[in-house]
Ligand SMILES: [Zn+2]
């Protein structure tokens, strides 16, 4: 080719190379709809920017694949306000036996009028379909795997195990691209219960935690791979909200969860109204556990949520004949933030956890 002609053609030859990445990034940023199921769009990717304002939209998000060569479908509700504002991600059911958060989302969405909303709520009531089906904390599709925990797998890996792949699809195509702040809803595990309890890892998320109006806040550095900590570390302030008992819809706890989220939304100017400040929240940065010295029948001496003094009896263990073998006392003054609900306890199991504040400066946001 002659130099002159090449000079004329060069911009045209380069053009596809320049356009291709632009098209790719544009395509990646848009909602990708792949079909529909019972009239609900099935999507591989969500971008709330291209969703209609002033409307509630529902989707099935196509997440990880199953051992029967099908896909897990995760329900997603987008309430996009008529006015611009923050994108609040609310997730539930990462642990499949923790159900209150699912009803919190259903009720929160029902309470919202998109016409009066500023910003967008992206609600995911059921991150872990196999766990929900089997009522297990784990992402256990077949019952034979080694207890993978979806809430320790973020941001996941497309080349990883089933749970890592599921996590990566949720993280990359649903959660991370659509969140300015986030609340991940949980409860305590089977056989135990929490008060209304929030984990927060820095000053910004501590304020979010306070707005939930909980019984207790645990300032905590968190665990690797949680939804909360992975989002917060990536610049999206997030909290974990724990709502009582697993395996049930607890109406009182659910109402408090909805009220807390609405309070956070008022502070964010997503909803109109006066922000309520907490008056009865206990904040701590350390936990003292009371453990069973032997197996037996556990009885709580003081109820969940009680304030206790150091040395105060909190639980007892009795033998098979009902004779008390042990009376266990609080090692520390504080609030009982978690307790057993199943009276059958094994040697070494935790009966109650007491939340307190350590004065050690290194413990300001959780002891190292
Ligand atoms: Zn959980």
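The numbers here are math on the coordinates, done by the rules we state, and not lab data. Because the structure is predicted, anything quoted here is derived from the model rather than measured. Cβ sites come from the backbone with ideal geometry, for glycine too, and all protein chains shown count toward neighbours.
Remarks
- Cα extents of the range 286-363 along the three principal axes, largest first (Å): 47, 19, 19
- Distance between the range 288-356 and the range 230-262 - C-alpha centres, whole angstrom: 26
- Two-site label geometry, residue 327 and residue 301: point separation in nm, points 7 Å out along Cα→Cβ: 0.5
- Looking at the range 40-147 alone, DSSP beta bridges between its own residues are antiparallel in about 60 percent of cases.
- Of all DSSP beta bridges in the chain, antiparallel share, percent nearest 5: 65
- √(5λ) per eigenvalue of the Cα gyration tensor, the range 133-236, largest first, Å: 25, 19, 10
- Which of 38, 159, 220 has the fewest Cβ neighbours within 10 Å, and the rest in rising order: 38, 159, 220
- Folded to 0 to 90 degrees: helix 3-29 orientation relative to the chain principal axis, Cα: 30
- Restricting the calculation to Cα atoms, every distinct pair contributes to the Kirkwood radius of the chain, found to be 22.3 Å.
- Helix axis angle, 100-111 relative to the chain longest principal axis, alpha carbon, degrees: 60
- Nearest 10 degrees, 0 to 90: helix 251-267 Cα axis against the chain principal axis: 50
- Based on the Stokes-Einstein relation at 20 °C and a viscosity of 1.002 mPa s, and on the Kirkwood radius from alpha carbon pairs, the range 81-169 is assigned a translational diffusion coefficient of 151 µm²/s.
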